[in-house]
Amino acid sequence: MRDGDWILADGTTLGADDGVAIAAMLAFAEDPEAAHGPLELLMTVAEEVGLGGATALDPELISGTILLNLDSEEDASLTVGCAGSIDTVVRVDAPRSPVDGPLLRVTASGGRGGHSGGDIALGRANAIKALGRALRAAPELRIVALDGGAARNAIPRDATAVVVAGDEARAAIEAEAARLADAYRTTDPGLRVTVADEAAVAAADEVVRAGEVVAAGEVAAADGRSAWSPADSARILDLVAAIPVGPLAMSADFPGVVETSSSLGVAKTIDGQLTLGSLSRSANEAAMPDVTNAIAAIARLAGATYEPGHGYPGWRPDLDSPLLATAKAVHERLFGAPPHVTLTHGGLEAAIIAAKRPGLDAISLGPEIEGPHAPGERLHIPSAGRFMRLLAGLLDELSR
C-alpha cells in the first residue's frame, strides 16, 4: 500500500529488507541502457537468522574485487563497518525438590524490545533482567521456572517466572515493580511487572507459545511442580543480575556509535535446567574476549557452565578505501552534499564475505527503511529513487 511518500504492507512485513536490494540488482542486470562493467549478483539465504548463506559461501564463486552490499537502511549514508558477534550460553543445573507452598506467576511484559544491535543504545528494558530484579526483592522465594525472550538478536519484551512465595514476597515484588515502571517510564512506558496467584497460574494455558513466553501454568505442570532451593534460586537471580546487558564501549572513530555491547536474549527452563543465552557484538574483534571472558567468569562464580556458540567476524572500517572515496565523490556530484559515513552495530554479510576474500573493497548502502522484520515496515519512496541514482552513478564510475 502507498501512504504518502511511503510503501508498506497490509498486516504483514513489507520485505523491503532485503527485497529492495534484489529488485535493484535485477533491474541493473536487465537494463540495456545502464552503464556498468561486469557484474556478479550475490543473493544469500538465512541472512536474518545467523548469516547462514554468507557463512557457507564458497569464496571461489566470487571473482570481483569490489563489494557493494545493498543491505543498509539509511538514506544518504554509506556504511563502512559492522559489528561481529558471538552467542554464549550459561546453564544452571542444580537439585530441585517438590513444591511445598503457594505458587505465584510473575510476569514482566509491555517492553518495547527491539534489535539487540541497532536499538541497544536506546536504554530499553530487558524483560528478563527486569523480571530478575523484581524477584530479587523478595525474601526466600523458590523458582519453579524462568522463561523469556523470543530470539537471540532481539531485546526481550516479555518474561515470566513461576515461584513458590508467600504474601511477604508478593508485596516485595509488587513494590519493586512500581520502581521498575518508574525507572523505564520514558523508554518503555508500557513495561509492567504483575503477580498472579496459583489459580491464575493454573489457568494460564491460553498464553500462546509462538513469539511469546511459554505459559507459566504449562511450565509448572510439565516440571512436576518441583523448584530450586531458596539458596539456588538466589544464585540464579544473582546470575541474571550480573550478566552484562547494553552498550559496553563506544567507537573512537565514530562518536556516538556503539562499538561493543551484549544482550541477554533468551531464558528457558527445560527439564529442571535453566539456560540463559546472550548475543555479544563488537566492531573491534580484539575487544570481544573482554565480554565473553566476563560472562564465563560470572558463570563460574555462580556454579554454572559456560558454552561459546556461533560467531562471525566484525567488519573494521577502512576510511582510506578507494571505493569509499569514489562513492563519496559520486554522491556529492549527484546530490550536492557529502553522504553520512558510519558503521552499524548490527551484522552485515560484508563482514563474512570480506573475511573470505582478503583485499575485497566494500561499502554498504540502501534506501530509507523503517521497522524492518515486522508488520508496519515501510520503504521511503523518494529515498529509493535516490538510492537507484547513486547506485547507477557508482556502477558507471567504477566501470571507467
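The rows are residues; the columns are (1) at pLDDT below 95; (2) among the small types (Gly, Ala, Ser); (3) more than 23 Å from Val330 (Cβ to Cβ); (4) in contact with a strand residue (DSSP E or B) (Cβ under 9 Å, 6 or more places away or on another chain).
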| site | (1), (2), (3), (4) |
| --- | --- |
| Met25 | no, no, no, no |
| Leu41 | no, no, no, no |
| Gly53 | yes, yes, yes, no |
| Val92 | no, no, yes, yes |
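Of all residues in segment 106-128, those satisfying the criterion of being part of a strand (DSSP E or B) and at pLDDT 95 or above are Val106, Thr107, Ala108, Ser109.
Before we move on, is Val99 hydrophobic (A, V, I, L, M, F, W, C), modelled with pLDDT of 95 or more and either surrounded by fewer than 19 Cβ atoms within 10 Å (Cβ to Cβ) or assigned by TED's automatic domain parsing to the domain that holds Ala294 (or both)? Here the answer is no, as Val99 does not meet what is asked. Checking each residue in segment 129-164 for being in a loop (DSSP other than H, G, I, E, B) and farther than 23 Å from Gly117 by Cβ picks out Ala137, Ala138, Pro139, Glu140, Leu141. When residues in segment 42-69 are screened for being touching a residue at least 40 places away in the same chain (Cβ under 8 Å), loosely packed, with under 14 Cβ neighbours inside 10 Å and assigned to a helix (DSSP H, G or I), 1 of them pass. May I ask you to list the residues in segment 169-218 that are among the acidic types (Asp, Glu), at pLDDT below 95 and part of a helix (DSSP H, G or I)? Selection gives Glu198, Asp205, Glu206, Glu218.
Would you check which residues across segment 370-397 are modelled with pLDDT under 95 and among the aliphatic types (A, V, I, L, M) and list them? Once the filter is applied, which keeps residues that are modelled with pLDDT under 95 and among the aliphatic types (A, V, I, L, M), segment 370-397 yields only Ala374.
Looking at segment 361-368, can you tell me whether even one residue there is at pLDDT 95 or above, surrounded by fewer than 21 Cβ atoms within 10 Å (Cβ to Cβ) and not basic (Lys, Arg)? The answer is yes, given that some residue of segment 361-368 is at pLDDT 95 or above, surrounded by fewer than 21 Cβ atoms within 10 Å (Cβ to Cβ) and not basic (Lys, Arg).
Taking segment 280-366 and the helices (runs of 4 or more DSSP H) fully enclosed by it, the elements with 1 or more residues that are within 30 Å of Val89 (Cβ to Cβ) and assigned by TED's automatic domain parsing to the domain that holds Val90 are at 288-301. Every test in (1) out of contact with any Pro (no Cβ under 6 Å at 6 or more places or on another chain); (2) within 21 Å of Leu122 (Cβ to Cβ); (3) assigned to a strand (DSSP E or B) is passed by Lys268 save one, and that test is (2). Of the residues making up segment 1-41, those that are hydrophobic (A, V, I, L, M, F, W, C), assigned to a loop (DSSP other than H, G, I, E, B) and touching a residue at least 40 places away in the same chain (Cβ under 8 Å) are Ala9, Leu14, Ala34, Ala35, Leu39.
Of all the numbered requirements in (1) at negative phi; (2) at pLDDT 95 or above, Glu349 misses one, and that requirement is (2).
Would you confirm whether or not segment 345-358 contains a residue that is without any contact (Cβ under 8 Å) to a residue 24 or more places away in the chain and over 27 Å from the mean Cα position of the chain (by Cα)? Yes; the residues of segment 345-358 include at least one that is without any contact (Cβ under 8 Å) to a residue 24 or more places away in the chain and over 27 Å from the mean Cα position of the chain (by Cα).
Within segment 342-361, the set of residues being over 16 Å from Asn284 (Cα atoms) and of a type outside the set (Asp, Glu) comprises Ile353, Lys356, Arg357, Pro358, Gly359, Leu360. Filtering Ile128, Ile62, Ile120 for residues that are closer than 30 Å to Arg357 by Cβ and touching a strand residue (DSSP E or B) at 6+ places or on another chain (Cβ under 6 Å) leaves a single hit, Ile120. For Ser72, state whether it is buried (at least 17 other Cβ atoms within 10 Å of the Cβ), outside the structural domain of Val258 (by TED's automatic domain parsing), among the polar types (S, T, N, Q) and assigned to a loop (DSSP other than H, G, I, E, B). So Ser72 fits the description; yes.
The values are calculated or read from the model by the stated rules, or taken from the named source; none is laboratory data. This structure is a prediction, so every number in the text was calculated from the model and none was measured. When we count neighbours, we look across all protein chains shown, and the Cβ atoms used for this are built from the backbone with ideal geometry, even at glycine.
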